[in-house]
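The values are calculated or read from the model by the stated rules, or taken from the named source; none is laboratory data. What you are looking at is a predicted structure, and each value in this text was computed from that prediction instead of being measured. In this analysis, Cβ positions are derived from the backbone assuming ideal geometry, glycine residues included, and neighbour counts consider all displayed protein chains.
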Amino acid sequence: MTELINSQAIEMSLEERVKEDRVHKSLYSDPEIFEQELDRIFNNTWVWVGHESEVPEVGSYKTATIGRQSVILSRDRKKELHVLVNRCKHRGATVCEGKKGKTRAFTCPYHGWGYALNGELRALPKPEEYEGVIDKKDYPLDKLRHETYNGMVFATFNDQIESLEDFLGGAKKWIDLFMKQGGGYPVKVLGDHRFRFPGNWKIQLENTTDAYHFPIIHKSFISSLDDQTSDIFDFLDGAGYVEDLGNGHSVMVMIPELVNLEDNLDEPIPERFEQLAEALRAEGHEEAEVRKLVRAAHGTGFNLNLYPNVACSMAFFRVLNPVSVGETEIHHVAIGGEGAPEAFNQKRMRLHEHFQGPMGFGTPDDAEAWERVQKGAQSGTDGWILLNRGQANLHTSKDGNVAGAVCSETGMRAAYQQWLRSMTADSKEA
Ligand code: FES
Ligand SMILES: [Fe+2]
C-alpha cells in the first residue's frame with residue numbers, strides 16, 4: 001500500500017502537486033523536491049541575511065545561511081556591507097564559525113589564509129611555495145549581490161534577477177509600517193534564539209499568515225493574558241484580512257487599529273502598559289513620546305510573510321533555514337529601538353519571551369503542531385494539504401490585490417503559486 005502511494009506521487013509533475021486550493025503532501029517529504037528547492041528557490045531569489053543593526057560598526061559581522069550555503073554579512077573599513085561565501089579559497093573550509101561579533105579579518109583555521117572584511121585575500125602563511133603560482137588578488141572570497149530595504153539586508157546568488165525593491169513590491173509599504181516599532185527610534189535587533197523542528201520549511205512558511213490556528217493552538221497563550229489583551233487577540237470575527245502582495249508575499253492584518261503605530265495615539269493606555277508608561281514619565285519623557293513608545297511596544301497588528309524565508313511577525317523577525325526535507329531551523333529575532341529608553345526595550349523583550357521564547361506560551365505549541373503535520377505527511381491515503389479556506393469569499397484590497405477574510409488561506413495560496421513559478425521557471429523558458 002505504501003509503495004503504491006509513493007509511486008503515485010513520484011509520477012506526478014509539480015503542476016499536478018500544486019493546485020490553487022491544495023498541495024500534495026509529498027512537498028513536505030520528497031527529498032528530490034527539497035534538493036530542487038535549494039537550487040531553484042534559495043539559490044535563485046532574494047533571501048534575508050540580516051538586519052543592518054546586527055552589523056553596526058567597522059568589523060561587525062554575522063553569519064547566515066542561504067539554503068545550505070553559509071555566508072558572512074560583514075561591514076568593512078569603509079563601513080560598506082558585504083555578503084561573502086563562507087568558504088576558504090584554499091581547500092574550502094569555512095573561515096568563520098561565529099554567529100556574530102567583531103573581527104579585524106577572517107582567518108581560515110586550517111592553513112591560515114587571511115581575508116579582509118571585504119573578502120580580499122590578504123595573508124598567505126609561508127608564501128614562498130606560492131611564488132609564481134598564485135596571485136593573492138585572484139583569490140578573494142566569493143561575493144554575493146546584496147541590497148537593503150529599510151534596514152533589512154537580502155542577498156542572492158542570482159545576478160540576473162530583478163532588484164530587491166521590485167521583488168518586494170507590494171510588501172514594501174508593510175515593511176515601512178513594521179519599522180515604526182522603534183517608537184521613533186531606528187529599529188534594532190536586541191537578540192535572537194534558534195531552534196529546530198522536525199518538519200519541512202514550508203510548514204513554517206504557511207504558518208505566518210494562518211490566523212485560523214491562533215485561538216485553537218494558542219489557547220495557553222490567550223489564557224495567560226489579562227482580559228483586555230485577550231479581547232484584542234480575539235480577532236477572528238473582526239475586520240482583519242489577508243492580502244496577497246505578489247511574488248509569494250502576503251500580509252495578515254489581525255488588529256486593524258494597530259496597523260499604523262503612529263495613529264490613535266490619544267487612546268487610553270492599556271493596563272498591561274501602565275507600568276511602562278509610568279517608568280517613561282519618571283524618566284522625564286513628554287506625554288506624547290510616552291504614548292508613542294507605549295503604542296510601539298505593542299508590536300504591529302499584522303504579520304507580514306516575505307517569501308521565501310523571513311516573516312515580520314507582529315513584533316519580531318522570524319527567519320527560517322531549511323536543513324533537510326524533514327528539518328528546519330528557525331531564528332526568532334527580537335527587536336526594539338536603537339537608543340530608545342531601557343524600560344521600552346526591556347518591555348519588548350519580556351513580551352517577546354512571553355510568546356516566542358523557548359519557555360514561551362506560543363511558539364512551543366506551534367512547533368508541536370508543525371511536527372505533527374510532518375508526521376502526517378508520512379502517512380494516510382489522502383495525500384493533500386488543503387488551502388481552500390475562504391476561497392469563495394475573496395475581495396479586491398485597496399491596493400488592488402486579492403484579499404480574503406483574516407482566517408482565509410489566501411497567504412498560503414500566494415506562497416505556493418510563487419513556489420510553483422520558481423520551481424518550473426527553467427522548464428517554461430526552455
Ligand atoms: S582550507 Fe583554508 S587555508 Fe587551507
Ligand atoms: Fe502560531
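For the reader, a short list of remarks on this structure follows.
- Residues located in region 142-172, provided they are crowded, with 19+ Cβ neighbours inside 10 Å and among the polar types (S, T, N, Q): Thr156
- From Leu205, Leu236, residue being part of a loop (DSSP other than H, G, I, E, B), away from ligand 1 (no atom under 16 Å from the Cβ) and surrounded by 14 or more Cβ atoms within 10 Å (Cβ to Cβ): Leu236
- Evaluation of Gln228 against the conditions (1) of a type outside the set (A, V, I, L, M, F, W, C); (2) surrounded by 13 or more Cβ atoms within 10 Å (Cβ to Cβ); (3) touching a helix residue (DSSP H, G or I) at 6+ places or on another chain (Cβ under 6 Å) shows that the sole unmet condition is (2).
- Hey, Leu258 in contact with a helix residue (DSSP H, G or I) (Cβ under 8 Å, 6 or more places away or on another chain), farther than 30 Å from Gln204 by Cβ and modelled with pLDDT under 95 or not: no
- Any hit, region 28-50, residues being in a strand (DSSP E or B), within 16 Å of ligand 1 (Cβ to nearest atom) and not β-branched (Val, Ile, Thr): no
- One residue alone among Pro109, Pro125 is under 19 Å from Asp142 (Cα atoms) and either over 25 Å from the mean Cα position of the chain (by Cα) or modelled with pLDDT of 95 or more (or both), and that residue is Pro109.
- Matching strands (runs of 3 or more DSSP E) fully within region 319-418 where at least 1 residues are β-branched (Val, Ile, Thr) and either touching a helix residue (DSSP H, G or I) at 6+ places or on another chain (Cβ under 6 Å) or within 16 Å of ligand 2 (Cβ to nearest atom) (or both): 327-337
- Within region 129-144, residues that are closer than 22 Å to Asn44 by Cα sit with their Cβ atoms under 6 Å from residues that are of a type in the set (Ser, Thr, Tyr), at 6+ positions apart or across chains, in these pairs: Leu141/Tyr115.
- For the condition within 16 Å of Gly59 (Cα to Cα), touching a strand residue (DSSP E or B) at 6+ places or on another chain (Cβ under 8 Å) and more than 12 Å from ligand 1 (Cβ to nearest atom), Lys143 does not qualify.
- Looking across region 355-404, the residues that are touching a strand residue (DSSP E or B) at 6+ places or on another chain (Cβ under 6 Å) and among the β-branched types (Val, Ile, Thr) come down to Ile385, Val402.
- When region 339-398 is limited to residues that are in contact with a Pro (Cβ under 8 Å, 6 or more places away or on another chain) and not acidic (Asp, Glu), the one that is modelled with the lowest pLDDT turns out to be Pro358.
- For Lys219: the one exception among (1) under 25 Å from Phe361 (Cα atoms); (2) charged (D, E, K, R); (3) more than 16 Å from ligand 2 (Cβ to nearest atom): (3)
- In region 195-213, the qualifying residues are those that are farther than 18 Å from Gln391 by Cα and among the aromatic types (Phe, Trp, Tyr), and the one that is nearest to ligand 2 (Cβ to nearest atom) is Phe197.
- Scanning region 154-187 for residues being in a helix (DSSP H, G or I) and either out of contact with any strand residue (DSSP E or B) (no Cβ under 8 Å at 6 or more places or on another chain) or not β-branched (Val, Ile, Thr) (or both) gives a total of 18.
- Residue that is farthest from ligand 1 (Cβ to nearest atom), among those in region 71-92 that are part of a loop (DSSP other than H, G, I, E, B) and in contact with a Phe, Trp or Tyr (Cβ under 7 Å, 6 or more places away or on another chain): Lys89
- Looking only at region 289-318, and only at residues there that are of a type in the set (A, V, I, L, M, F, W, C) and assigned to a strand (DSSP E or B), the one that is farthest from Glu37 (Cα to Cα): Phe302
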